[in-house]
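Worksheet: the structure to be examined is printed underneath.
The values are calculated or read from the model by the stated rules, or taken from the named source; none is laboratory data. Given the structure is predicted, the values throughout are model-derived calculations rather than measurements. Note: ideal-geometry Cβ built from the backbone for every residue, glycine included; neighbour counts use all protein chains shown.
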Amino acid sequence: MQYSVKGITFSKEDLLTVKLKDIRVDSVSPCHLFAFFKDRPILMLRAGDYVEKEFIDKYRGRGVESFHSLDIANPDNGHKYKLLFNQIDRSVNERQKRQAKDELVKVFAQDYWKKSDKSFLSFVSACFDEFYNLPEEVITELQTSSVTLYSRALLTSSICAMNCIIHSILDLSFIRDLYNASFLMDYGLVSGGDFNYLMSQACEKERNLPGSGLKFLEERTDALKESNAFFNHPIVSAQMAQKFKDSFTNPEVIEHIRFHHEKIDGSGFPGGLSYASLSDSETLLMFGDNMTPFEEHIFKRGDGAVIVKEAFSKLEELCKNSTLPIQSSLGLWAQAMDWACTVETLDESEVA
């Protein structure tokens, strides 16, 4: 019998039983979790949702011992990326770092550029475990306020981390800082109210045609609040991120948040800065921001190629006629992925 629950389709045979004591807390869930009530499945937690200790304690207190799980992320794949991050970190010289970087690029391309049945959640989970360094209140507030912004933060942060690797930025402390800056770059959109449908529309228009989102809001007579919030959210997000500056090794990276809507010709916002006014590192956040749709993402098997390769192709097409200052990232990604697809990937025993 096939079930469909909130966009997730499965049969009972697809499910496994997972004990509450085996569910990792303070992590992103690698699976969808269900309970059954009179043979009707109820979604308890989505794959990619943050697992709070309170969630486990709540159901343990009710006498629940296990849930049914629909596995999405393969733990072995996530472990593989953690090993590769660790390999970069423990390299004793630049040559070793570059070799570890090349291997990570090859594995990433194998998983998400070539046709694959793997979920991007494996990489997302590894990045979260390796790089997330903010207080729990940040991720819980995002998850509670907007599932769209929450799932998008997971995706953009992971893509930004990989963008550092592609650019041969191999200092894990800097990657960690940029990951967390990306996580916070739209944090200002949930301040002072809900991230509503109108704002979501404007954000997606802006992503698909830079400049159109702000124009869409400014032309409406009922969207003054949303227009102001949208225009100012890079500044507001950066100001809010300053509260967590102790979580950053390089707190100056927080300032990058202010620039993620600027454009080459100075027509971006809120500062109206031109490309000549921005450093290369200040454009790194823009790549993930423009790759990822403003929509709730439901992780599933095989979604990696859609999130990475298909989204990259759309962004490449968009940038032919736009003034986004991410041409350098686009070129480096294309070269790296094309190269990685022509070489053999080391097996997992060699990676370890």
| If you go through segment 120-135, how many residues are surrounded by fewer than 18 Cβ atoms within 10 Å (Cβ to Cβ) and closer than 14 Å to Ile307 by Cβ? | 0
| request: Give me the pairs, please: first residue somewhere in segment 276-299 and more than 18 Å from Lys263 (Cα to Cα) and in contact (Cβ under 8 Å) with a residue 60 or more places away in the chain, second residue anywhere and of a type in the set (Ser, Thr, Tyr) and part of a loop (DSSP other than H, G, I, E, B), beta-carbon distance under 7 Å, and either six or more positions apart or on two chains. | output: Phe299/Ser119
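Yes/no matrix, rows are residues, columns are (1) touching a strand residue (DSSP E or B) at 6+ places or on another chain (Cβ under 9 Å); (2) surrounded by 13 or more Cβ atoms within 10 Å (Cβ to Cβ); (3) in a helix (DSSP H, G or I):
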{"site": "Pro41", "(1), (2), (3)": "yes, yes, no"}
{"site": "Phe55", "(1), (2), (3)": "yes, yes, yes"}
{"site": "Phe67", "(1), (2), (3)": "yes, yes, no"}
{"site": "Ala73", "(1), (2), (3)": "yes, yes, no"}
{"site": "Lys80", "(1), (2), (3)": "no, yes, yes"}
| request: Determine the pairs where a residue that is charged (D, E, K, R), located within segment 82-93, has a partner that is at pLDDT 95 or above and in a helix (DSSP H, G or I) with Cβ atoms under 8 Å apart, the partner being 6 or more residues away or on another chain. | output: Lys82/Ala126; Lys82/Asp129; Lys82/Glu130; Asp89/Leu172
| query | With respect to the numbered conditions (1) among the charged types (D, E, K, R); (2) part of a helix (DSSP H, G or I); (3) touching a residue at least 60 places away in the same chain (Cβ under 8 Å); (4) surrounded by fewer than 16 Cβ atoms within 10 Å (Cβ to Cβ), which one is the sole condition not fulfilled by Asp117? | reply | (2)
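Across segment 250-292, what is the total count of residues that are among the basic types (Lys, Arg) and closer than 14 Å to Gly211 by Cα?
Within segment 250-292, the subset among the basic types (Lys, Arg) is 258, 263.
From what's left, closer than 14 Å to Gly211 by Cα: 263.
Number satisfying all stated conditions: 1.
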| Any residue at all in segment 324-341 that is modelled with pLDDT under 95, assigned to a strand (DSSP E or B) and within 27 Å of Ala202 (Cβ to Cβ)? | no
| query | Regarding Gly271, is this residue more than 20 Å from the chain's Cα centre (by Cα) and assigned by TED's automatic domain parsing to the domain that holds Ala202? | reply | yes
| query | What pairs can you find where one residue is in segment 2-17 and on the phi > 0 side of the Ramachandran plot, the other is at pLDDT 95 or above, and their Cβ atoms are less than 8 Å apart, with a gap of 6+ or different chains? | reply | Lys6/Leu43; Lys6/Arg46; Lys6/Ile298; Gly7/Ile298
